[in-house]
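Reading through the structure tokens given below for one structure.
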Amino acid sequence: MTFEAICIIRAGHPTLPGHFPGAPLVPGVVILDEVLAALIEWRQDSQLTGIRMVKFLAPLQPEQAFTISLSVNEHAAEVNFCCRMEERVIVEGQLEVAWGAK
């Protein structure tokens, strides 16, 4: 099972003014928040219980579109994720998830 969502962090996002003024970059936590939103959009019965691993491989600037890809790992309680700008991976990781949450 896989799921993809396209996201854009707008230049007016409240975290950007303090994150490298004059040359803003999207903070990693904002990207992870979008990953969580994609997870919930894909599987509304999911609840994040932890982040097993995350690697930030390239910076993301405001207004740059990126694709979030989610896939269930062979272990049912794990979801792999990858964020790409075009073909370049910018973030990858693995989430711990509980299914059947309300």
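Would you work out the charge dipole size for the chain about its Cα centre, treating the Cβ of every Lys and Arg as +1 and the Cβ of every Asp and Glu as -1, and quote it to the nearest 20 debye? Could the numbers behind the result be given before it?
Numbers: 7 positive and 12 negative charges, 40 e Å.
Dipole magnitude for the chain comes out near 200 debye.
Angle between the Cα long axis of helix 28-42 and the longest principal axis of the chain, 0 to 90 degrees, nearest 10?
40
Just to be sure I understand the model, the point goes 7 Å from the Cα along the line to the Cβ. What's the resulting ASP45 to GLN61 distance in nm?
Modelled inter-label distance: 4.3 nm.
Binning every alpha carbon pair distance of the chain at 10 Å from zero, what are the percents per bin?
With 10 Å bins starting at 0, P(r) equals 15, 47, 29, 8, 0.
Once you list every other residue whose beta carbon is under 12 Å from the beta carbon of CYS7, what net charge do they have if Lys and Arg are +1 and Asp and Glu are -1?
Numbers: positive: ARG10, ARG84; negative: GLU4, ASP33, GLU34, GLU41, GLU63.
Taking every other residue near CYS7 into account, the sum is -3.
With θ set to phi - 60° and the Karplus curve 6.51 cos²θ - 1.76 cosθ + 1.60, what are the ³J(HN,Hα) couplings of the range 86-96 in order, to the nearest whole Hz, using x for Gly and Pro?
6, 9, 8, 6, 10, 8, 9, x, 9, 9, 9
Would you mind working out the accessible area per residue for the range 5-102, using a 1.4 Å probe, and quoting it in Å²? Intermediate values should be presented prior to the final figure.
Numbers: 5600 Å² over 98 residues.
Per-residue accessible area for the range 5-102 comes out at 57 Å².
In whole Hz, with x marking every Gly and Pro, tabulate ³J(HN,Hα) for the range 4-15 from phi via Karplus 6.51 cos²θ - 1.76 cosθ + 1.60, θ = phi - 60°.
Running phi through 6.51 cos²θ - 1.76 cosθ + 1.60 with θ = phi - 60° gives 10, 9, 9, 10, 9, 8, 6, 4, x, 4, x, 7 Hz.
Which residues' amide hydrogens lie under 5 Å from the amide hydrogen of ILE9, considering only partners 5 or more residues apart or on another chain, with H built in the peptide plane?
Long-range HN contacts for ILE9: GLU63, GLN64.
Just want to confirm a number: the relative contact order over the chain, from Cα pairs under 8 angstrom separated by 6+ residues, in percent. Could you put the intermediate results ahead of the total?
Numbers: 188 pairs, mean separation 33.5, N = 102.
Relative contact order comes out at 33 percent.
Just add up the charged neighbours of GLY93: K/R +1, D/E -1, any other residue whose Cβ is under 10 Å from the Cβ of GLY93. List each step's numbers first, then the result.
On the way: positive: ARG52, LYS55; negative: GLU92.
Counting the neighbours of GLY93, the net charge comes to +1.
Return the calculated 222 nm mean residue ellipticity for the chain, to the nearest 500 deg cm²/dmol, obtained by summing -39500 (n - 2.57) across DSSP H runs with n ≥ 4 and dividing by the residue count. Don't jump to the answer; show the numbers that get you there.
Details: 1 runs with 15 residues, N = 102.
Calculated from helices alone, the mean residue ellipticity at 222 nm is -5000 deg cm²/dmol.
In the chain, carbon and sulfur make up what percent of the accessible area (probe 1.4 Å)?
Working: 3240 of 6010 Å².
Answer for the chain: carbon and sulfur cover 54 percent of the accessible area.
Would you mind finding the longest exposed-site-free stretch of the chain, with exposed GluC sites (Glu not before Pro) meaning DSSP loop and at most 13 other Cβ atoms within 10 Å? All intermediate terms of the calculation are to be shown ahead of the outcome.
Working: sites that count: GLU63, GLU74, GLU86, GLU87.
With a cap of 13 other Cβ atoms within 10 Å, the longest stretch comes to 1-62.
The values are calculated or read from the model by the stated rules, or taken from the named source; none is laboratory data. As the structure is a computational prediction, the values presented were derived from the model and not from experiment. Positions of Cβ are backbone-derived with ideal geometry, glycine not excepted, and every protein chain shown enters the neighbour counts. Note: areas computed on protein heavy atoms with side chains; ligands, DNA, RNA excluded. Shrake-Rupley method; radii C 1.70, N 1.55, O 1.52, S 1.80 Å.
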